[in-house]
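In what follows, a single structure is set out as structure tokens and then discussed.
The values are calculated or read from the model by the stated rules, or taken from the named source; none is laboratory data. In this text the structure is predicted, and so the values were computed from the model without any measurement. Backbone-built Cβ (ideal geometry, glycine too); neighbour counts: all protein chains shown. For the accessible areas, the whole protein counts, side chains as well, though only heavy atoms, and no ligand, DNA or RNA atoms are used. Shrake-Rupley method; radii C 1.70, N 1.55, O 1.52, S 1.80 Å.
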Amino acid sequence: MLSIVEQVFKKLNIDYTPRKNGVELQFRCINPNHPDRHASASINTQSGQWKCFSCLMSGNLKSLVKLVSGDISDIDNLITPKDTVQFKIGSIYKASTKNILSYENTVNFSHTIDCLMNDFMPATRDITSLNYLVKKRKLTKDTIKRYRLKYCKTGQYADRIIIPYYMNDELIGFNSRYIGDNPSTLRYLYCLNNSLFESFIYNYENITNNDYCILAEGPFDLMYLVQCGYKNVISTLNTNISRKQLTKILNFKKIIFCFDNDEKTKAGQNAVLKHASDILDFAPDLPIYGAELPVGKDPNDCTPDEIKDAFSHLKRIRLEPKVVPPSIFEYMRLNYNQGML
Ligand SMILES: [Zn+2]
């Protein structure tokens, strides 16, 4: 399966040489003012970002198409048409994804994803992925199988654990976690059917009742909590709760957050507050609690006892009432009462 970038290059007749397992393509600079006799430019097939190392011109996939063809209106026609898919790159949280890059394209989603999934192997069958999941994430083989985790050895998703997302048993996309040792490689790389993903809640099909739900930050946290015996664990997998996700979450009588307790960035705590305020905007009386893990730990770093302890000392999350600026009438009334008007 060709990456979007390769499909575009082929349609535009740009010659290229794949590098780094196809993650990068080397090509002759497209800057009309730079007659490039060697292939001095390189594009990342995951982000679409390109750069010429000779004249230093750079840009994204759209700017490249515009430079070469003079028009970007045709970009959709360069790729096999069908459902909308968004390839997103970055980690779950905005704080760590300053340069989150996305480019929407029309491709035949179900075909694309089926082809890709066929290239992945069960994560239990490779020693590298098994080591990562068992040692770093504390997952058992049963959990790995239950969540149908895969591993990819070569190509666009090389050295990545694949976390498939199913909705009513239909595959709507996957996230991939890089476990290789190149520090400059993007940690997470998603392939999603965007229209379905908007209402998707991870593990929602395993909910047993609506008494409460436990919201986990990421998929590995969720799997570990389930493995530790917790029920009704779900994840929005995102910084923001979409309207469609919120509709589902508001059905629970009680909400418990179990997010990372990162000491420095406070990303986990901030995400909880953000989520909580989104929920309380619609349901101000809904009881929301936080399970506070030991400082500096995420669920996967904790022993089952540490998690148990956090859950037995739940902290109620309330937000400061919002300060609404007084209306002009209120302003007049106040001033009138004080004899100023
Ligand atoms: Zn150049």
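Let's see how each residue does on (1) outside any loop (DSSP other than H, G, I, E, B); (2) modelled with pLDDT of 90 or more; (3) not aliphatic (A, V, I, L, M):
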| site | (1), (2), (3) |
| --- | --- |
| Y190 | yes, no, yes |
| L225 | yes, yes, no |
| I241 | no, no, no |
| K248 | yes, yes, yes |
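Among the residues of the range 266-280, those that are open to solvent by less than 90 Å² (accessible area, probe 1.4 Å) and either more than 17 Å from E320 (Cβ to Cβ) or without any contact (Cβ under 8 Å) to a residue 40 or more places away in the chain (or both) comprise A267, G268, Q269, A271, K274, D278, I279, L280.
State which residue pairs qualify: first residue in the same structural domain as Y190 (by TED's automatic domain parsing) and inside the range 29-53, second residue in a loop (DSSP other than H, G, I, E, B) and more than 10 Å from the ligand (Cβ to nearest atom) in any location, beta carbons under 6 Å apart, and separation of 6 or more residues or different chains. As it stands, the answer is none, since no pair meets every condition given.
Scanning the range 206-220 for residues that are farther than 17 Å from I288 by Cα and either open to solvent by less than 10 Å² (accessible area, probe 1.4 Å) or within 14 Å of the chain's Cα centre (by Cα) (or both) yields G218, P219, F220.
Test of understanding: among L78, L56, L67, which residue is open to solvent by less than 80 Å² (accessible area, probe 1.4 Å) and modelled with pLDDT of 70 or more? None of the others qualify; the one that does is L67.
Exactly one of these conditions fails for L196: (1) within 22 Å of P122 (Cα to Cα); (2) modelled with pLDDT under 95; (3) of a type in the set (A, V, I, L, M). Give me its number. Result: L196 passes all but (1).
Looking only at the range 162-181, decide whether some residue is touching a residue at least 24 places away in the same chain (Cβ under 8 Å), over 19 Å from N193 (Cα atoms) and touching an Asp or Glu at 6+ places or on another chain (Cβ under 7 Å). Yes, the range 162-181 has at least one match.
Can you find a residue that is at pLDDT 90 or above and open to solvent by less than 100 Å² (accessible area, probe 1.4 Å) anywhere in the range 318-341? It would help to see each step written out before you state the result.
Step one: filter the range 318-341 for residues at pLDDT 90 or above, giving none.
Within the range 318-341 (the criterion being at pLDDT 90 or above and open to solvent by less than 100 Å² (accessible area, probe 1.4 Å)), the answer is no, since none of the residues qualifies.
For the range 3-31, the candidate set comprises residues that are open to solvent by 100 Å² or more (accessible area, probe 1.4 Å) and not in a helix (DSSP H, G or I); within that set, the residue that is nearest to the ligand (Cβ to nearest atom) is R28.
Evaluation of I43 against the conditions (1) away from the ligand (no atom under 15 Å from the Cβ); (2) of a type outside the set (G, A, S); (3) in a strand (DSSP E or B) shows that the sole unmet condition is (1).
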